[in-house]
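Some notes on the structure that comes next.
What follows is calculated from the coordinates using simple rules that are stated; it is not laboratory data. Given the structure is predicted, the values throughout are model-derived calculations rather than measurements. Glycine also receives a Cβ, built like all others from the backbone with ideal geometry; neighbour counts cover every protein chain displayed.
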Amino acid sequence: MFAAVSGSSVATAATIGTVAIPAFKGRGYDQRLVLGSIAAGATLGILIPPSINMIIYGAMTNTSVGRLYAAGVIPGLLLTALFMLIIVVACWWKPESRRGRGAGALGVRLRRLVDLVPPIVIFIVVMGSIYLGWATPTESAALGVIMSLLICAAYRTLSLKMLHECFVTTVSVTAMIMLIAAPRSSSTSCSG
């Protein structure tokens, strides 16, 4: 889910890795299985919308980002199902790889599902506005930012320090994207 919301494989691997690896290690799960599932799951950020790579590709090739998103959903879901199947088969094949203890009672885990509501809401707003034709990908990204700010305010985590970190990250990502897109822009202007 984080890969789908963030749209970046690198961000997903870094964020989920820093949170999940210590938690799985503390519960005794096989490190190779954990690292493999995090790395494989992070790659879904490229396929499952909203994908930063699809936005860049769409902009560089004049392809509809909405159509690219629609084309990425089924392969992304198929890969998700295959990754889960591979984990089940690996645990069946090598029972020692599933030696970890669970995250708690079913009731506790179900109560924790509430924490998934904010990312799901952001995803629905961003993707819904694109698929329904209410907003372009750029406008829907702005809607995602507004939703994120509202959620941060509701959770009382909105601060100037957090906004500063967001601005710095935005500038860094934008600079990287411009480095990718700039050679294309300069080569097309020289040939025309």
Roughly what angle does helix 31-42 make with the longest principal axis of the chain, taking Cα atoms, 0 to 90 degrees, to the nearest 10?
-> 30
Along the range 77-89, Karplus-curve 3J(HN,Hα) (6.51, -1.76, 1.60; θ = phi - 60°) to the nearest Hz, with x for Gly and Pro, reads 5, 4, 4, 4, 5, 5, 4, 5, 5, 4, 5, 4, 5
Can you pull the one-decimal nm distance between simple spin-label points at residue 78 and residue 154, each 7 Å off the Cα toward Cβ?
-> 3.6
Which residue, 145, 125, 108, has the most motion in a Gaussian network model of the chain that connects Cα atoms within less than 10 Å?
-> 108
Hey, what angle do you get for helix 137-154 against the long axis of the chain, alpha-carbon based, 0 to 90 degrees rounded to 10?
-> 50
Express in nm, to one decimal, how much length is gained between residue 161 and residue 27 on full extension, taking 0.36 nm for each residue of separation and deducting their alpha carbon distance.
-> 44.9 nm
Using alpha-carbon coordinates, inclination of helix 52-61 to the longest axis of the chain, degrees | 30
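222 nm [θ] for the chain, helices only, -39500 (n - 2.57) per DSSP H run of 4+, per residue, to 500?
Working: 10 runs with 151 residues, N = 192.
Calculated mean residue ellipticity at 222 nm is -26000 deg cm²/dmol.
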Out of 182, 71, 142, a Gaussian network model of the chain with alpha-carbon springs under 10 Å gives the largest mean-square fluctuation to 182
Which of these, 87, 74, 180, has the largest mean-square fluctuation under a Gaussian network model of the chain (Cα springs below 10 Å)?
-> 180
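Largest first and in whole Å, give the semi-axes of the range 47-136's equivalent ellipsoid, each being the square root of 5 times a Cα gyration tensor eigenvalue.
Equivalent ellipsoid semi-axes, largest first: 34, 20, 9 Å.
From the Cα gyration tensor of the range 108-162, with a ≥ b ≥ c the square roots of its eigenvalues, which class applies: rounded if a/c is under 1.5, or else prolate if a/b is larger than b/c, or else oblate?
In terms of gyration-tensor shape, oblate.
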How fast does the chain diffuse by Stokes-Einstein, in µm²/s, taking the Kirkwood radius from C-alpha pairs at 37 °C and 0.692 mPa s?
-> 173
